[in-house]
1. Test of understanding: ordering 130, 8, 34 by Cβ neighbours within 10 Å, fewest first, what list do you get?
2. To check you understand DSSP bridge types, tell me what percent of the beta bridges within the chain (both residues inside) are antiparallel, rounded to 5.
3. Pop a pseudo-label 7 angstrom from the Cα along the beta-carbon direction at both residue 57 and residue 39 and give the gap in nm to one decimal.
4. Return, for the Cα atoms of region 60-193, the radius of gyration and Dmax in Å, separated by a comma.
5. According to a simple spin-label model (label point 7 Å from Cα along Cα-to-Cβ), what is the distance in nm between residue 300 and residue 208?
6. Treat the count of other C-beta atoms within 10 Å as a stand-in for reagent exposure and order 343, 177 from fewest to most.
7. Grab every C-alpha pair in the chain, bin the distances at 20 angstrom width from 0 up to the longest one, and report whole percents.
8. By how many nm would the segment from residue 19 to residue 309 grow when fully extended, if each residue of separation counts as 0.36 nm and the alpha-carbon distance is taken off?
């Protein structure tokens, strides 16, 4: 659940669910809010699951099971994946080295199961794993003025300037940790972490102090991420080979073995996966369904993973997985039983103040 649900309710929020978490969908007029974030700065309560890992062997343990190398330095982090034996993505993680402990942020609903699974595999190692989702409030700050916003309210430290790095300071009387994140909305972005008991005060500081921020919900976050060309867990990542999505930022090809590494490395050494993630613009006003078939002439060449109307481009855009070797840019997509013209388009659809670190990157 949200740690400040009553605050959102007082602001007229419409709520929804992401796994087992209550989230804000929107506060009304999400397209107008979308433009406000693109033009200034917006504030979103993030719905992460949180795992804390302590003990002398914490770095070695986590490094052995995730797809990226865990940083050894306090104040640094990485984006990583947990894969199944076939290389499919099971869990996405942000792993942060916070000195004597690791903080792991994952998609809602995964933290408890992952912590239980990992705890069962700890034998003689000095590792303590526990879920701490309810202990923290996490707020995302996104927009071309996000850095200015953080600087206007953060005391005791400068805004972090490298992705996946963080600093500790205060906002008002409350202690916070500020992370420079991976620009999933295509804009400068930060996560502000605080104790759950301080969440309302920190949220109000971020909303009203210094440079004002527009509150927004997950409907706007997802439309911003679509314009930015960012694959998300529920629609693109889950069960997919990371090579297919071009998620090279989540992979370290030189580190030791982890589950699924053999498949990922084999595809990497082969030079190309079977499919790739591309952007499409779609004619007309109807939005294709998830899974809508894509054709090159009479040949099926892929399927839509996510689609919507772009508030900035004022047209229908989509992400799709298509055959890797597809050369044609002039395609069709099945919408409401009809074949509608679709054109392959370079990602991102909209260039903001930063580029998403998940933009597909292929060899």
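The numbers here are math on the coordinates, done by the rules we state, and not lab data. Remember, it's a predicted structure, so these values are computed and weren't measured experimentally. Every residue, glycine among them, receives a Cβ derived from its backbone with ideal geometry; neighbour counts consider all protein chains shown.
1. Ranked by crowding around the Cβ, least crowded first: 130, 8, 34.
2. Details: 83 of 86 bridges.
So the antiparallel bridges amount to about 95 percent of the total.
3. About 5.6 nm separates the two model spin labels.
4. Final numbers for Rg and Dmax: 15.8, 49 Å.
5. Between residue 208 and residue 300, the simple spin-label model gives 5.6 nm.
6. Details: 343 13, 177 20.
Fewest-to-most ranking of 343, 177: 343, 177.
7. Bin by bin from 0 Å, the calculated values are 29, 58, 13, 0.
8. Working: separation 290, 0.36 × 290 = 104.40 nm, distance 2.47 nm.
Value of the extension gain: 101.9 nm.
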